[in-house]
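The values are calculated or read from the model by the stated rules, or taken from the named source; none is laboratory data. Treat the numbers as computed from the prediction; the structure is a model and nothing was measured. Note that we place each Cβ from the backbone using ideal geometry, even for glycine, and neighbour counts take in every protein chain shown.
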Amino acid sequence: MVCQNGEVKKIMKKKWLSVSASSIVIASLLAGCSSGGNSTTPSKAPASTAAATAASTPAAPVTIKFLNWEKASVYQPAIDAFEKKYPNIKVQYVPLVENDSNETLKKIDIMYASGEDFDVFSVNSTPTFSQRATNGMLEPLDAYMSKENVKYEDEYKAEQMKVNGKRYSLPGKFGPWFVILNKTQLDAAGLAVPKSWTWDEFRDYAKKLTKGDGPSKQYGVFFHTWKDYFLLRQYSSPKNQGIMTDDGTKLNADNPLMKSSLELRYVMEHDDKSSKPYQDVITQKIPYRDEYFQGKASMLPTGPWMISEAGGTDKIPATFVTAFAPWPTNNKGDENYSFGSADPLVMSANSKHKQEAYTFLRFLSTEGMGLTKQLSAWKKTDLNKELDQIIAATKTPDKIDKASLVNTLTVSKLPDPPIAVSYAADLEKAYIAESEKYILGATDIDTTLKNIKTNLQKIIDANKK
């Protein structure tokens, strides 16, 4: 969730007007004709000659600025391919805060409010997207797609959220959430890699994978601090996966899956003792990557960015094989729905080169995304080829169980995105606060749900005024 200071919020609510000055250079071609003595008579070149000269003069390249949080080496292959295909458009890539999307977005907000020049950037979640689309920070893309004569549904396999019926983004890196598993620890416990499983089976796996005591204890699973880990069972549903209902009109707190998601978290920590105590997670600020890759937790529910990391990075090497399992279902036989989407690729409303920025967004969201060694939402992509590229680019490709990964990506389904509300970030913060009280034992489940309804409804009502 991105938090902005008060001053930036005030500035961003103003309308930003950008006036671009254009200069027109008129060239006159003079031809000198000798007639008798030393006098010359100027004459205009034929119109056809002037036009031919203008046509032979290449237009100066336009440079667009692309802001993101990934290291430069991730996007450079795509940028190189784009510049080769479109030689008159250059892309300047700027990673603002490497590997930290929230801090990057804070900097982007400040840059936008200050009138700094940039053209395209990535967004990391529904709340951060809806905030910026509602504030007028993003350029609608509907007219550009209409001009290109393309339909979104013909090009992409994952829908992007809209705001007030308008499309403000194209899909970036894509994929469903899933569960990664330490295959060495699975084998030691005599457990197979699940091809499909329920939350009850997930809980049973966590208990069987837990062993030891004290600082060296191996937990069956690690749950991070994001709101996703308080919505586990909801993410298995084909609709209404969030804090609000899909239509964006009311709280989803009466959904029985919200209650059962919280209860699952509670019993796994307090009764089964198969998940790291949440008190330790928040007070020690435990990184989820460390907990998994150091073998302290056998399973980690997570997202598609962890595919490449499973093969090891410079900072965190892979010392065991990682297997992949689909997001658990609520009931046996249910379809394998999961949370997930594609990071929105967006254009700044203040871009001075909007057509060129759109051209880059279209390239990056289609053939370009595969060159970044990340999954794309482009319908024409070859999944096996994409995975081979991603796996081959890791430090230790043999640490990724490709067969289980292919199965997971093949069976996983994603729902259509919900209608976004501009205050989603505030709702998320309040929901986490109430959920944490329950997990920490400060309130019971009924009081927790009552507080969620009361406190989050206040936020909704305040934003309807």
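Tabulated results
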| item | result |
| --- | --- |
| Unmet criterion (only one of (1) on the phi < 0 side of the Ramachandran plot; (2) modelled with pLDDT of 95 or more) for Gly333 | (1) |
| Some residue of segment 351-361 being more than 19 Å from Glu155 (Cβ to Cβ) and in contact with a strand residue (DSSP E or B) (Cβ under 6 Å, 6 or more places away or on another chain) | yes |
| Filter pass, Met137 being under 14 Å from Ala349 (Cβ atoms) and either at pLDDT 95 or above or crowded, with 19+ Cβ neighbours inside 10 Å (or both) | yes |
| Subset tally (residues that are of a type outside the set (A, V, I, L, M) and either touching a His at 6+ places or on another chain (Cβ under 8 Å) or assigned to a helix (DSSP H, G or I) (or both)) for segment 89-109 | 7 |
| Every residue from segment 143-175 that is basic (Lys, Arg) and farther than 24 Å from Tyr337 by Cβ | Lys147, Lys151, Lys166 |
| Single match in Asp254, Asp314, Asp246, Asp290 (criterion: under 23 Å from Gly214 (Cβ atoms), surrounded by fewer than 20 Cβ atoms within 10 Å (Cβ to Cβ) and of a type in the set (D, E, K, R)) | Asp290 |
| Residue in segment 379-387 that is basic (Lys, Arg), surrounded by fewer than 22 Cβ atoms within 10 Å (Cβ to Cβ), touching a residue at least 12 places away in the same chain (Cβ under 8 Å) and under 30 Å from Asp280 (Cβ atoms) present | no |
| Residue in segment 153-166 that is in contact with a Ser or Thr (Cβ under 6 Å, 6 or more places away or on another chain), surrounded by fewer than 20 Cβ atoms within 10 Å (Cβ to Cβ) and modelled with pLDDT of 95 or more present | no |
| Answer from Ile439, Ile452, Ile391 - the residue that is assigned by TED's automatic domain parsing to the domain that holds Asp254 and under 30 Å from Thr184 (Cβ atoms) | Ile439 |
| Any hit, segment 104-124, residues being surrounded by 21 or more Cβ atoms within 10 Å (Cβ to Cβ), more than 30 Å from Ile419 (Cα to Cα), in contact (Cβ under 8 Å) with a residue 24 or more places away in the chain and over 14 Å from the mean Cα position of the chain (by Cα) | no |
| Some residue of segment 406-429 being within 26 Å of Leu181 (Cβ to Cβ), exposed (fewer than 15 other Cβ atoms within 10 Å of the Cβ) and of a type outside the set (D, E, K, R) | yes |
